[in-house]
Amino acid sequence: MSLKPIPGEEEYAGSDNEPTIEEPGLAPDDPMRAFLPKSFGKQTMERDVKARVEQTRRAAPPPPKAKPPQDSDSDSDDSEEEEYPLSHELTIPAHTKPISSITLDPSGTRFVTSSHDTTIKFFDFHAMSTTHLHSFKTLEPSEAHHIHSVAFSPLDNGQHLLVVPAAPQAKILTRDGDTALEFVKGDPYLRDMHNTKGHVSEITGGCWSPVQRGVVVTAGTDSTVRIWDVQSRRGHRDVMVHKSRGKGGRSRICAVACIWNAGGPYSRPIMEVRDAHAKETWTGGLTFSSDGRLIATMGEDQYIKLWDTRKLKTPITTRSNFPTPTPTPIIFSPTNNTTLLTGDTSNTLHILSSATLTSEQTHPLSTPTPTPTTPSPLTSITWHSHINQILTGSGHGHLHILYSPTISRKGATTLLARAPRKRHIDDYNNSSITTTDLTTISGDSVILPNALLGKKGGVMDKRRPVMPAQTPWGKSQPDQAHIERSIGLSSMRDEDPREALLKYADVAEREPVFTAAWRETQPRTIYAEVEEEEGEDGEQDRVRGKVGAGTNKRVRR
């Protein structure tokens with residue numbers, strides 16, 4: 001390999017003074033050539049952003065929308081602007097169980113996911129790259145309880161996070177995951193729910209107030225909706241008790257959403273629809289439009305209904321036989337109130353028209369590899385208007401980020417444009433690690449001595465115990481002979497205790513340790529001799545060392 005001539009010194013390019021580098025005697029296909037430098041100086045890692053974005057393009061792009069007839073005099077554009085950011089998809093294996101909710105902070109740089117695997121995970125777009133699609137923090141807010149939902153506070157720039165576990169107490173976390181407040185638990189022995197300071201059973205939903213800072217609303221299975229102020233730690237601020245007409249007097253509240261009336265009161269509902277969905281079924285999907293005039297609901301009865309808050313007795317539009325997943329995601333589009341987004345049990349995203357509730361577009365999302373035997377429902381969905389990207393969660397714990405390079409900004413687009421970082425040891429996730437892979441591991445990694453050994457082909461045999469690796473400080477494994485030589489009295493664990501004591505009986509008699517002081521003066525023990533005779537009833541009484549009462553015996557000394 002020869003160096004290129006320096007600009008301005010072309011006249012010396014063909015001379016004998018041209019610097020050259022002798023090539024090593026290696027075959028063209030020798031793997032060692034990969035470790036040889038191809039040029040001098042600092043090497044910069046460049047990546048083809050367009051090629052990386054093209055790799056995330058969805059296999060089946062959405063069909064083009066039919067253009068309305070236009071006047072010949074009007075100016076018509078050759079390319080129609082995209083309406084939904086659905087052309088590209090990025091998949092992240094975030095959890096091991098269904099993702100129950102996804103929330104992004106107001107700036108769109110950080111997002112948090114919750115799951116039924118009892119954990120919540122913190123992600124930051126600025127700390128991620130295509131080679132590091134991992135969360136920077138994982139928490140278990142409520143031990144052994146799955147998480148229903150998480151939500152960033154909208155009025156303080158996302159500095160606090162509301163966590164709703166399947167437990168009586170919700171939590172307020174800071175932006176970095178530290179616990180700031182835990183709501184109090186009510187007295188479960190009180191019958192009247194108005195007199196309890198908090199929930200007495202599982203909480204099923206929660207949200208922040210859109211107009212009052214630091215105000216939170218939670219709903220639970222104790223048939224109550226409670227309003228909290230984070231500045232007050234003694235109990236809820238207001239409570240609304242739903243009196244059920246069924247047996248027991250309590251109903252499980254499955255969903256809660258806020259459209260705030262600052263005037264109150266909050267002791268009873270202003271409007272109510274008793275038969276919104278079929279009885280003895282849950283209503284899991286509930287969302288308000290941005291102007292507060294429309295409400296969309298989804299139920300276990302496979303119905304989607306659209307309501308008008310000005311006339312709440314009958315629904316405006318109804319759609320039946322829709323495969324409803326659990327949890328049930330449904331949201332209004334942040335750009336307008338004429339579009340609804342929801343999902344079904346086959347991990348398909350539906351874009352519905354609010355006028356007819358028909359599916360204008362359907363977008364099947366990618367499935368994990370290998371393909372699971374059971375279908376994966378779409379369990380959570382959110383659309384952030386600032387970065388114009390849609391995030392969805394599946395039943396198999398995969399996070400899908402839908403975006404468009406033309407109409408989306410930041411978020412996944414900056415993630416793909418960032419240069420690849422050196423792989424961390426945590427990025428491998430039990431995958432095979434070769435010698436060449438170790439050269440790309442970052443310097444702050446901590447590698448355990450036995451973490452990279454004992455694998456054959458990158459797969460660990462779970463039925464075979466892993467043998468400890470030999471180290472320079474221990475050439476052989478400690479066996480039984482080594483333990484008996486180095487540890488005193490170690491053989492006594494396999495010996496009979498009685499035989500071990502009788503072994504020292506003669507020694508104790510010849511050389512007593514505790515009675516040696518009075519060895520010469522110790523009196524000799526003399527036992528009485530007892531003769532046994534038959535009693536009056538003809539039976540022989542046995543006496544062992546003493547005379548029993550009511551017996552005829554002679555003691556001879």
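What follows is calculated from the coordinates using simple rules that are stated; it is not laboratory data. Given the structure is predicted, the values throughout are model-derived calculations rather than measurements. Note that we place each Cβ from the backbone using ideal geometry, even for glycine, and neighbour counts take in every protein chain shown.
Note on region 97-159 and region 295-316: Cα centroid distance 30 Å, given to the nearest whole angstrom. Within 10 Å of each residue's Cβ, count the other Cβ atoms and sort ILE120, ILE99 from fewest upward. Going from sparsest to densest Cβ surroundings: ILE120, ILE99.
Taken one residue at a time, the phi angles of region 500-514 give Karplus couplings (6.51, -1.76, 1.60, θ = phi - 60°) of 5, 6, 5, 5, 9, 5, 5, 5, 5, 6, 6, 10, x, 8, 8 Hz. Gly and Pro are set to x.
Separation of the alpha carbons by more than 30 angstrom is noted, of LYS171/LYS279; LYS197/LYS243; LYS97/LYS311, for LYS171/LYS279; LYS97/LYS311. Each of SER366, ASN157, ILE387 was scored by the projection of its Cα onto the charge dipole of region 88-438, and the greatest displacement toward the positive side belongs to ASN157; charges sit on the C-beta of Lys, Arg, Asp and Glu. In order along region 205-218, the phi-based Karplus estimate (6.51 cos²θ - 1.76 cosθ + 1.60, θ = phi - 60°) of 3J(HN,Hα) comes to x, x, 7, 8, 6, x, 10, 10, 6, x, 10, 10, 10, 10 Hz; Gly and Pro are listed as x. For region 210-356, the Cβ-based charge dipole about the Cα centre amounts to some 580 debye (Lys, Arg positive; Asp, Glu negative; other atoms uncharged). Residues in region 328-342 carry Karplus couplings, in order, of 9, x, 7, 9, 8, 5, x, 7, 7, 9, 9, 9, 10, 10, 8 Hz; the curve used is 6.51 cos²θ - 1.76 cosθ + 1.60 with θ = phi - 60°, and Gly or Pro positions show x. The protection proxy used here, the mean number of other Cβ atoms lying within 10 Å of each residue, ranks peptides 134-145, 324-335 as follows, highest first: 324-335, 134-145.
Distant-in-sequence amide contacts of THR317, defined by a placed amide H-H separation under 5 Å and a gap of 5 or more residues or a different chain, comprise LEU306. A simple charge model with +1 on the Cβ of Lys and Arg, -1 on the Cβ of Asp and Glu and nothing else charged puts the dipole of region 88-438 at about 780 debye relative to its Cα centre.
Proximity of backbone amide H atoms, modeled 1.01 Å from N, is registered between HIS384 and GLN389, LEU391 at under 5 Å, excluding neighbours fewer than 5 places apart on the same chain.
Around HIS277, under 9 Å between beta carbons, what's the net of Lys plus Arg minus Asp minus Glu among the other residues?
Residues near HIS277 contribute -1 overall.
Dividing the alpha-carbon radius of gyration of region 88-438 by the rule-of-thumb value 2.2 N^0.38 Å gives 1.01.
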